[in-house]
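Comments concern the structure below.
Just so it is clear, none of the values below were taken in a lab; they were calculated from the coordinates. Quantities reported herein were computed from a predicted structural model and do not represent experimental measurements. Cβ sites come from the backbone with ideal geometry, for glycine too, and all protein chains shown count toward neighbours.
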Amino acid sequence: MEALKEVLIKNEWFTKQELEKLFTLDIQQCISECIRPKQSDIFNAFERLKPQDVKVLILGQDPYPDETKAHGLAFSYNSGEIPTRDSLSNIFRKIEDETEIKNTYSNLSAWKNQGVLLLNAALTFAPDNKDFHINAWRNFTNQVISKLLETKIENKQPLVVMLWGKKANEIEVLAYKGNKQEVDFQEKYPFIKILRSSHPSNNHQACEKTICNGEISAFKDDNFKPFEECNNFLRANNVDIIDWKTE
């Protein structure tokens, strides 16, 4: 448990005192019964990536149940040689449609190395207690994103946030509802661009369009171009764009 906390402390996400409050009994239970990813990989998304270095946040739901895939980076496979399926196949298809980049390597560490925080709403998975894990991590995930937003405001740095799916779009700190709340959010966080969509999964329920602020883009809509929009925003703010190639 202490080794996991150290990942967050050394990468400047939280202080030791802050983590004492965040590591609730529910979080400790999630970590102790975690099946995916392996315990040492739970905070892999934060390793060697400080808040001030993050350019893009991609937020999904929870880790893959498959032990050969889950390694602490949302949507990424542990081995890049594993053929893509379902969500990652759809992500790669979207990238190819927008940028003509044809990815086959399924490990997304190359994105992380450029400043992409690949985060899930829940950082652990247990097959018999899935909903508990999603709920238990809610406050922690909110605090991570709050820290990220505060850092960007303090340093006047741009940040692109991609929210994929119902659970991601329900994260409280980003879940404004109605035009007034949206305007208020943009006034408070002028350097933040939020791109909401359904989940890239093939699952029909996961791809429902009615999330948070009314109708949002379905991931497979041709007019929805998150990767292009992301780089346009970064470029407009004089920040190096993301190369969406995976190797």
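Worth a mention:
- For the stretch 1-119, lysine pairs separated by 8 or more sequence positions, or belonging to different chains, with Cα-Cα distances below 16 Å total 10.
- Computed [θ] at 222 nm, deg cm²/dmol, the chain (DSSP H ≥ 4; -39,500 (n - 2.57); rounded to nearest 500): -11000 deg cm²/dmol
- Packing here is the average count of other Cβ atoms within 10 Å per residue, and on that basis the peptides 65-78, 231-244, highest first, run 65-78, 231-244.
- Close amide H contacts of Asn120 (hydrogens built in the peptide plane, cut-off under 5 Å, sequence separation of 5 or more or a different chain): Gly60, Ala74.
- Computed from the C-beta positions of Asp243 and Glu172, the FRET efficiency with R₀ = 25 Å rounds to 0.20.
- In range of the label at Lys50: residues from the stretch 144-168 whose backbone nitrogen is under 20 Å from the point 7 Å along Cα→Cβ: 144-160
- FRET efficiency, 1/(1 + (r/R0)^6) with R0 30 Å, evaluated for Lys188 and Asp221 via beta carbons: 0.55
- Near Leu195, the amide H atoms lying under 5 Å from its own belong to Val161, Met162, Leu163; only residues 5 or more places off or on other chains count, and H is placed 1.01 Å from N.
- Qualifying lysines (Cα of each under 18 Å from Cα of Lys180; at least 8 residues distant if same chain): Lys188, Lys193
- Shape annotation for the stretch 1-134: C-alpha extents along the principal axes are 46, 36, 21 Å, from largest to smallest.
- Whole-Hz Karplus values for the stretch 182-194 come out as 5, 4, 4, 5, 5, 5, 6, 10, x, 9, 10, 10, 9 Hz, taken residue by residue from phi with 6.51 cos²θ - 1.76 cosθ + 1.60 and θ = phi - 60°; glycine and proline positions read x.
- Each of Trp137, Trp164 was scored by other Cβ atoms within 10 Å of its Cβ. Arranged with the fewest first, they read Trp137, Trp164.
- With all pairs of separate Cα atoms included, the chain yields a Kirkwood hydrodynamic radius of 18.2 Å.
- Cut-off under 5 Å, modelled amide H: who pairs with Leu108 long-range: Tyr77
- Contour minus Cα-Cα distance for Glu2 and Glu18 (0.36 nm per residue): 4.4 nm
- Taking a point 7 Å from the Cα of Thr99 along the Cα-to-Cβ direction, the residues of the stretch 47-82 with backbone N closer than 18 Å to it are 54-60, 74-77, 80.
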